[in-house]
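Contents: one structure, followed by commentary.
Bear in mind that the values in this text are calculations on the coordinates, not laboratory data. Just so you know, these numbers come straight off a predicted model, no measurement behind them. Note that we place each Cβ from the backbone using ideal geometry, even for glycine, and neighbour counts take in every protein chain shown.
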Amino acid sequence: MRNLFRFIIAYHFQILFIVLEAISISLLLNHNDFQKARFISFTHSITGRVYKKVNNITRYLALKKINDKLAEENTKLKNILQRTYRADELFFFSEHDTIYHQHYFYTSAKVINQTVNKQHNFLTLDKGSDAGIIPEMGVVSNGGVIGIVVSVSKRFSTVISLLNSDFRVSAKLAKNNYFGSLHWDGKDYRSVKLNEIPYHIDVTVGDTVVTSGYSAILPEGIIIGTVRNSEVKGGNFYEIDVDLSIDFKSLVYVKVISNLRREEQTELEEVINE
């Protein structure tokens, strides 16, 4: 209490000034309708701006939850033909591909780490064996091919990226189904090379390049990119530059693919190759 009295005595002029100002403003507003209206309008404007800022911050903080929900809903929409789930389909949602007659399971995952500027680039996903992910599962996004799972732990998995000089995938021109081998040359993260397309085939700038389906990992028809240019090399084959349909630097959510028929296919092919 003594300290309060000391404070009042020390600053009594300032306190008196504030009190008089408050009384003056109160009298002015109570006896002047125009000034009162202007003051109310001003306070409402300030309050509205504050509420808008608070609302924007709240919405921003909720973006992660919204994105997670959208990724989950997107996965379910992609598997639109599947309506029932078995007990062992807790994480993967199934889709029967009526176009290419194959059966796949999909699950969504988030990219939590990746590189794009090395010769051997990898990604890390926030799901692992606890979510049913195993090595040699394909990874795609809504925009195109991402890579293949190479190792897993309980809660994480690593993916060899399409932007890895050791990565090869069978791809084809969508317009005529001629296929070749697609790889990254380690230069531009926005483009890859497609080789082994015969030189007598019509190749046009803008042609769509998709997966051929000649593996038990990636389904047929997943977009990779579009032809930027081509030239004949090695006498009988094109070397084609393909602009990727996906920007790896903005990659956030992906889908991991499990092929139910993979084991049957690989076992049969191994018998033939022995």
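Report the local net charge at Leu173: Lys and Arg +1, Asp and Glu -1, summed over other residues whose C-beta lies under 15 Å from its C-beta.
Within the 15 Å Cβ shell, the charges total -3.
Counting only other residues whose beta carbon sits under 10 Å from that of Asn229, what net charge do I get with K and R as +1, D and E as -1? Charge balance near Asn229 sits at -3.
For the set Lys65/Lys127; Lys69/Lys118; Lys193/Lys255; Lys53/Lys127; Lys127/Lys175; Lys110/Lys175, the pairs lying more than 26 angstrom apart at their alpha carbons are Lys69/Lys118; Lys53/Lys127; Lys127/Lys175; Lys110/Lys175. Grab the other residues whose beta carbon is less than 9 angstrom from that of Thr107, score K and R as +1, D and E as -1, and report the net. Here the charged neighbours net out to +2. Ordering His183, His103 from the fewest to the most neighbouring beta carbons within 10 Å gives His103, His183.
Exposure proxy check: Leu20, Leu260, Leu162 ranked by fewest other beta carbons within 10 Å?
Working: Leu20 10, Leu260 13, Leu162 26.
The most exposed by this proxy come first: Leu20, Leu260, Leu162.
Rounded to the nearest Å, what's the spacing between the alpha carbon centres of the stretch 149-165 and the stretch 230-255? Just the number, please. Between the Cα centres of the stretch 149-165 and the stretch 230-255 lies a distance of 20 Å. With a/c under 1.5 counting as rounded, go ahead and sort the stretch 205-260 into rounded, prolate or oblate using the C-alpha gyration tensor (a ≥ b ≥ c being the square roots of the eigenvalues; past the cut-off, prolate if a/b is larger than b/c, else oblate). Cα axes put the stretch 205-260 in the oblate bin.
If you look at the Cα atoms of the stretch 103-249, you get an Rg and a Dmax of 15.4, 50 Å.
Out of the stretch 186-215, which chymotrypsin sites (Phe, Trp or Tyr not before Pro) are coil in DSSP terms and have no more than 15 other C-beta atoms within 10 Å? Here the sparse-neighbourhood loop sites are Tyr199, Tyr214.
Remark: Phe248, Phe237 ranked as Phe237, Phe248, counting other beta-carbon atoms within 10 Å and listing the fewest first.
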